[in-house]
Amino acid sequence: MNPTLTEDFIFYRDLKKRYPLIVRAEGIYLYDDQGREIIDGASGAAVVCLGHRNRRVMEAWMRQAEKVAFTHMSAFTNEPILRLSEALVKMMDDGPYRVYFTSGGSEAVETAIKLARQYHLEKGRPERHKVIARSISYHGSTLGALSLTGHHYRRHKFSPMLFSFPRISPPYCYRCAFHLTPDRCHLECAEDLERAIIAEGEELISAFIFEPIVGASAPGVAPPLGYLQRIREICETHDVLLIGDEVMSGTGRTGKFLASQHYKARPQMICLSKGLSSGYAPLGAVLVEEGILKVLRESSSHAFIHGHTFGGHPASAAVGLEVLNILREDKLIERVAEMGDYWLPRLEALKESHRIVGDVRGKGLLLGIEFVRDRSQGNAPFDPTLNVRMHFQSECMERGLYVYPGGYSVSGIAGDHVLLAPPYIVSAADLDRITAILDDAISAIEKKFA
């Protein structure tokens, strides 16, 4: 480390970990202060969709900062948020939406659940306040978003502070909660939503929130066909708002602008962040159906009682607008679909030589590998005390590849998986190199633990 730098004053998330010092980045690569080149195989956390050091994005930020860097949304508007909101709505397949800006994903989720509450309140249903979520999910680290999150490790130390929201089973076909196989599936995981609404009392339910394709908590888990259409029907029947958390899966990550667009049914609110700014500035958004705003517009307050200091930040919005321009002009979302089709079968081929590879799944460049003790004997997870996922990340890092590890998808206490989400500019040759590193790292894990 540079002798003029000290870590005596920084508060890191992991207080015992030694973090590599990244001094520059370019394209899909990170470079540390020792001169080591590291492939960013997860785009940070599915964030840097355009890759590092994109000149157009950096210049967009500077141009706007030279005009006006900040205005507060309680008193002013600005040109970038007007242009970005129009561009976002034009990315939708159909239906009128409005856009509420935040500075991150957790804020976007908090905004959506508070808006759902006020919507029902203005409709004369003050008792509706509960939000149903799924038992395997991640929606953010703020208290409201964490209350929705189905991830024991992230929740348990703060459980006395969290709201008690009902949960349903996810469409996790590899570990089906109903012990069914795809040929016997009748969307029981979707019907679980209606059972929960009835059990809790329809009169208490405000919204249902879900990830169309799961991110950090079980990367790449995608629902069977018909799932999203059925939960939309259930929500409409019971006047429950449907919130799609696309903070990770949105902005082209799965080969369409929204992951929900794969399934021909749209949520009434959609949360975005991460790739929306490609990591060049803090930015989040909630796309809201016009019908929800109509209720607020006709209420006595004529307002949404909510706001964040940096929501609608002009420079961040200018970055987001340039990201969308680049995605469109360079046809990067189409490229994501193409690269995903190329990569997924090559990752699935890892099963042929590695018995600890249990499941490979996902769409586009939002993919996941789940590890098990021995696939030939079922899908039993590793002993959680072995911390296999972190050992796997270390093996990858030693070979020049950063991946995003995760766990606890089995009964909240076990399970090891890894998220693979490289920048959209990744090439087939890059993916082959990443696959070779993964292959070698898995072999090292098998020698160590299997």
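The values are calculated or read from the model by the stated rules, or taken from the named source; none is laboratory data. Small disclaimer: the values here were computed from a predicted structure and weren't measured. For neighbour counting, all protein chains shown are included, and Cβ atoms are generated from backbone atoms with ideal geometry for every residue, glycine included.
Are any of the residues in the stretch 78-98 surrounded by 19 or more Cβ atoms within 10 Å (Cβ to Cβ) and in contact with a Gly (Cβ under 6 Å, 6 or more places away or on another chain)?
yes
In the list Ala196, Ala190, which residue meets the criterion of being in contact (Cβ under 8 Å) with a residue 24 or more places away in the chain and over 22 Å from the mean Cα position of the chain (by Cα)?
Among Ala196, Ala190, only Ala196 is in contact (Cβ under 8 Å) with a residue 24 or more places away in the chain and over 22 Å from the mean Cα position of the chain (by Cα).
Please go through the stretch 107-130 and pick out each residue that is free of Cβ contacts under 8 Å to residues at least 40 places away in the same chain and surrounded by 14 or more Cβ atoms within 10 Å (Cβ to Cβ).
Correct list: Glu110, Leu121.
Among residues belonging to the stretch 209-238 that are without any contact (Cβ under 8 Å) to a residue 40 or more places away in the chain and part of a loop (DSSP other than H, G, I, E, B), point out the one that is nearest to Gly362 (Cα to Cα).
For the stretch 209-238, the residue satisfying everything is Leu225.
When only residues in the stretch 250-277 that are in a loop (DSSP other than H, G, I, E, B) and of a type in the set (Gly, Ala, Ser) count, which is farthest from Met92 (Cα to Cα)?
Taking the candidates together, the pick is Ser277.
So Tyr280 passes all but one of these: (1) in a strand (DSSP E or B); (2) out of contact with any Cys (no Cβ under 8 Å at 6 or more places or on another chain). Which condition number does it fail?
(1)
How many residues are assigned to a loop (DSSP other than H, G, I, E, B) and touching a helix residue (DSSP H, G or I) at 6+ places or on another chain (Cβ under 9 Å) if we restrict to the stretch 326-362?
Adding up the residues that qualify gives 4.
In the stretch 21-51, what residues are in a loop (DSSP other than H, G, I, E, B), without any contact (Cβ under 8 Å) to a residue 60 or more places away in the chain and of a type outside the set (S, T, N, Q)?
Leu21, Asp33, Gly35 - these are the residues of the stretch 21-51 that are in a loop (DSSP other than H, G, I, E, B), without any contact (Cβ under 8 Å) to a residue 60 or more places away in the chain and of a type outside the set (S, T, N, Q).
Take Ser206 and tell me if it is within 17 Å of Ser147 (Cβ to Cβ), part of a loop (DSSP other than H, G, I, E, B), hydroxyl-bearing (Ser, Thr, Tyr) and not assigned by TED's automatic domain parsing to the domain that holds Gly368.
For Ser206, the condition - within 17 Å of Ser147 (Cβ to Cβ), part of a loop (DSSP other than H, G, I, E, B), hydroxyl-bearing (Ser, Thr, Tyr) and not assigned by TED's automatic domain parsing to the domain that holds Gly368 - is not met.
So which residues in the stretch 68-106 are over 24 Å from the mean Cα position of the chain (by Cα) and free of Cβ contacts under 8 Å to residues at least 24 places away in the same chain, if there are any at all?
Ala75, Phe76, Leu82
Which residues, taken from the stretch 363-406, are touching a helix residue (DSSP H, G or I) at 6+ places or on another chain (Cβ under 9 Å) and assigned to a strand (DSSP E or B)?
Those that are touching a helix residue (DSSP H, G or I) at 6+ places or on another chain (Cβ under 9 Å) and assigned to a strand (DSSP E or B): Lys363, Leu366, Leu367, Ile369, Glu370, Phe371, Leu401, Tyr402, Tyr404, Pro405, Gly406.
Could you check how many residues of the stretch 180-209 are out of contact with any helix residue (DSSP H, G or I) (no Cβ under 8 Å at 6 or more places or on another chain), of a type in the set (A, V, I, L, M, F, W, C) and under 15 Å from Glu233 (Cα atoms)?
Looking only at that region, the number is 2.
Return the total of residues in the stretch 237-285 being over 14 Å from the mean Cα position of the chain (by Cα), crowded, with 24+ Cβ neighbours inside 10 Å and among the β-branched types (Val, Ile, Thr).
1
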